[in-house]
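So the structure is just underneath, and the comments pick up after that.
The values are calculated or read from the model by the stated rules, or taken from the named source; none is laboratory data. This one's a predicted model, so the numbers in the text were calculated from it and none came from an experiment. We place every Cβ from the backbone using ideal geometry, glycine too, and count neighbours over all the protein chains shown.
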């Protein structure tokens, strides 16, 4: 039977006397860290300034995002946790790696919370040194905590939503100027928003005229929701529906009369065929059409809405 050696731990300081020595070794061996994290870490640079502090290492992930790395001998402490967060903000990094000899349970918990609460990725790694018999000591890096796959999917969804909100704000900002130029006194006073819709009161509590913008479609609508019961909203809807022929004649086109059975709110709408927010090239045409149609829409409906009082 072949002789089997015994793996034993050795003091970190017997391999790298100081933290800076370990940092220099890590800078020269980025593949070891990449294997531990399960993600590529490249272009490591030591001792970059962050105000009055110097981060141990700054690198990049596979997508070019900044990665900050803080190394610590001994037990993890609040001081180093604070440094990790400071460096993350200072370098606008997307990933933070804390390599520590002995991670405390409270700091493991803190990193787990940060992964759930933040769009950045947080990795907590334990560093050790081991050897077999009289062999040269070898580094042993163990991933204690990192972002979960589910958390990564949630983060991607959040990023997508933020990007969509920025596009919506851009659309409504341009739209606000178009409303003013068109003399739309009903909606021109409204501020641009991150939301899907821009709405103004129709003169009766619970009724509003709205522009609604989705990814691939857009519409104008009279939304009926008095925040009471479906029956009361249905009564108002039916009273307007009784004038359907006259309203559509004045509007100049068929409308969608949506009773939305089983739901409290009701809707009368007109939909464009120019698409929605994704079709950026058609934004000017889309905005002009929506404004024109809303003008006709309100003129056709207002006499009958006023009669509801």
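Computed quantities for the displayed model
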| read-out | value |
| --- | --- |
| Filtered residues of segment 233-251 (kept if touching a helix residue (DSSP H, G or I) at 6+ places or on another chain (Cβ under 6 Å) and either part of a loop (DSSP other than H, G, I, E, B) or crowded, with 17+ Cβ neighbours inside 10 Å (or both)) | 240, 243, 247, 251 |
| Any hit, segment 96-110, residues being touching a residue at least 12 places away in the same chain (Cβ under 8 Å), within 20 Å of the chain's Cα centre (by Cα) and under 14 Å from residue 58 (Cβ atoms) | yes |
| Residue tally, condition modelled with pLDDT of 90 or more, touching a strand residue (DSSP E or B) at 6+ places or on another chain (Cβ under 8 Å) and loosely packed, with under 14 Cβ neighbours inside 10 Å, over segment 109-142 | 1 |
| Test: residue in segment 292-304 that is surrounded by fewer than 18 Cβ atoms within 10 Å (Cβ to Cβ), free of Cβ contacts under 8 Å to residues at least 60 places away in the same chain and over 29 Å from residue 173 (Cβ atoms) | yes |
| Qualifying residue in segment 39-50 (condition: under 27 Å from residue 134 (Cα atoms) and either modelled with pLDDT under 90 or not in a helix (DSSP H, G or I) (or both)) | no |
| Total residues in segment 218-227, condition out of contact with any strand residue (DSSP E or B) (no Cβ under 6 Å at 6 or more places or on another chain) and either surrounded by fewer than 20 Cβ atoms within 10 Å (Cβ to Cβ) or free of Cβ contacts under 8 Å to residues at least 24 places away in the same chain (or both) | 3 |
| Residue that is part of a helix (DSSP H, G or I) and modelled with pLDDT under 90, where the choices are 203, 152 | 152 |
